[in-house]
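Worksheet: one structure, shown below.
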Amino acid sequence: MPIAPDALPARLAAEPLRPAYLIAGAEQLLVLEAADAVRAAAREQGCSEREVFEVDARGFDWNAFAAQVGAPSLFSARRLLELHLPTGKPGKEGAALVEEFCANPPPDVTLLVLAGAWSRQHGGKWSEAISRIGHMVEVREVRVHELPQWLERRLRTRGLRADAGAVQPLAERVQGNLL
């Protein structure tokens, strides 16, 4: 079951790092913040090496990714491998590799998958495999009518208080992108 982005930092603080995480959603700011929380927890728990793989429309070398998963680390005891899927779909070969990773995760590797817009059609056996051994964070869009309350909560978590008269003009300036 997916967890909310707000709940992720508490989960990361309360448990050892899981072998895999999937963070997906169209709200880029919240996806980046959730990914930063995983990265920070990984650093705290000994992952001092990080490698990023960008899957793009021109093609992706899944063999290079598979080789990195199986290769021992040269500089640290644990590694964080990030797989960025802008479309939210790894394709047949990528899905098979993620499932294979999840079936037998190396003890020194944590996989962080970041995906763009997410719906049921994006998921599959590969995302279910990640959920079994790790966490899936589904980032939902902040709707226009939710924005004032969202901004107020966000300010409060950062130690600031604002009344509705201050929050409403802020909400009106956001044009569909929290970044």
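The values are calculated or read from the model by the stated rules, or taken from the named source; none is laboratory data. This one's a predicted model, so the numbers in the text were calculated from it and none came from an experiment. With ideal geometry, Cβ positions are generated from the backbone for all residues, glycine too; neighbour counts draw on all protein chains shown. Side chains included, ligands, DNA and RNA excluded: accessible areas come from the protein's heavy atoms. Shrake-Rupley method; radii C 1.70, N 1.55, O 1.52, S 1.80 Å.
Values computed for the structure shown
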item: Total residues in the range 111-130, condition closer than 30 Å to V174 by Cβ and either charged (D, E, K, R) or surrounded by fewer than 14 Cβ atoms within 10 Å (Cβ to Cβ) (or both); result: 3
item: Filter result for the condition that a residue is within 17 Å of the chain's Cα centre (by Cα), over 27 Å from Q45 (Cβ atoms) and not acidic (D, E), over R153, R140; result: R140
item: Whichever residue in the range 79-93 is open to solvent by 60 Å² or more (accessible area, probe 1.4 Å) and either in contact with a helix residue (DSSP H, G or I) (Cβ under 9 Å, 6 or more places away or on another chain) or aliphatic (A, V, I, L, M) (or both) and, among such residues, is modelled with the highest pLDDT; result: E93
item: Pair list, Cβ under 7 Å, 6 or more apart: the range 59-72 residue surrounded by 10 or more Cβ atoms within 10 Å (Cβ to Cβ), other residue in a helix (DSSP H, G or I); result: W62/E93; W62/G94; W62/L97; F65/L97; A66/L97; V69/F101
item: Pairs where the first residue, in the range 132-147, is of a type outside the set (A, V, I, L, M) and part of a helix (DSSP H, G or I) and the second is surrounded by 13 or more Cβ atoms within 10 Å (Cβ to Cβ) and modelled with pLDDT of 90 or more, C-beta under 8 Å, 6+ apart; result: R132/C102
item: Residue in the range 131-149 that is open to solvent by less than 70 Å² (accessible area, probe 1.4 Å), among the small types (G, A, S) and at positive phi present; result: no
item: Residues of the range 8-39 classified as closer than 19 Å to L178 by Cα, among the small types (G, A, S) and open to solvent by 20 Å² or more (accessible area, probe 1.4 Å), total; result: 2
item: Residue match in the range 102-110 (condition: assigned to a strand (DSSP E or B), in contact (Cβ under 8 Å) with a residue 24 or more places away in the chain and either under 30 Å from L151 (Cβ atoms) or open to solvent by less than 50 Å² (accessible area, probe 1.4 Å) (or both)); result: yes
item: Residues (closer than 16 Å to A4 by Cα and either at pLDDT 85 or above or aliphatic (A, V, I, L, M) (or both)) located in the range 117-126; result: A117
item: Filter result for E172 (of a type in the set (D, E, K, R) and over 20 Å from P5 (Cβ atoms)); result: yes
item: Extreme residue, surrounded by the most Cβ atoms within 10 Å (Cβ to Cβ), among residues of the range 150-161 that are among the basic types (K, R) and more than 22 Å from I23 (Cα to Cα); result: R156
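The rows are residues; the columns are (1) touching a residue at least 24 places away in the same chain (Cβ under 8 Å); (2) acidic (D, E); (3) in contact with a helix residue (DSSP H, G or I) (Cβ under 9 Å, 6 or more places away or on another chain).
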residue: A10; (1), (2), (3): no, no, no
residue: A13; (1), (2), (3): yes, no, yes
residue: R18; (1), (2), (3): yes, no, yes
residue: A41; (1), (2), (3): yes, no, yes
residue: C47; (1), (2), (3): yes, no, yes
residue: V55; (1), (2), (3): yes, no, yes
residue: A77; (1), (2), (3): yes, no, no
